[in-house]
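*Asks:* Here it is, the structure, as structure tokens.
The values are calculated or read from the model by the stated rules, or taken from the named source; none is laboratory data. From a predicted model like this one, the values you see are computed outputs, not experimental measurements. Backbone-built Cβ (ideal geometry, glycine too); neighbour counts: all protein chains shown.
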Amino acid sequence: MGTRKSDAEALLTPAEVAAMFRVDPKTVTRWAKAGKLSSIRTLGGHRRYLESEVRALLEGVPHGANEDESSA
């Protein structure tokens, strides 16, 4: 009568999220700090991201849109 895997939401590391978006892991951390992506902190202080939220964000990003658009 333990918990089933389907009950727990999958968590991703910053490196895993970065690989999905083809960006640096530091960029993923900046997104979390800016509120673009929510994160969960482990007991050790490391960030983890909900896979469902990451995939939803990924689906909303057109291909090739990973470049920084700061031209000011």
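*Asks:* Anything in the range 41-54 that is of a type in the set (Ser, Thr, Tyr), outside any loop (DSSP other than H, G, I, E, B) and over 9 Å from the mean Cα position of the chain (by Cα)? List them, or say none. So that I can check it myself, show each step before the final result.
*Replies:* To start, the set of residues in the range 41-54 that are of a type in the set (Ser, Thr, Tyr) comprises 42, 49, 52.
Then keep just the ones that are outside any loop (DSSP other than H, G, I, E, B); that gives 49, 52.
Within the range 41-54, just 52 meets the criteria.
*Asks:* Can you tell me which residues in the range 18-40 are among the aliphatic types (A, V, I, L, M) and in a helix (DSSP H, G or I)? Write out each step before concluding.
*Replies:* Taking the range 18-40 as the starting set, the residues that turn out to be among the aliphatic types (A, V, I, L, M) are 18-20, 23, 28, 32, 34, 37, 40.
Selection gives 18, 19, 20, 28, 32, 34.
*Asks:* Does at least one position in the range 2-14 carry a residue that is assigned to a loop (DSSP other than H, G, I, E, B), at pLDDT 95 or above, surrounded by 11 or more Cβ atoms within 10 Å (Cβ to Cβ) and among the β-branched types (Val, Ile, Thr)?
*Replies:* Yes: the range 2-14 contains one or more residues that are assigned to a loop (DSSP other than H, G, I, E, B), at pLDDT 95 or above, surrounded by 11 or more Cβ atoms within 10 Å (Cβ to Cβ) and among the β-branched types (Val, Ile, Thr).
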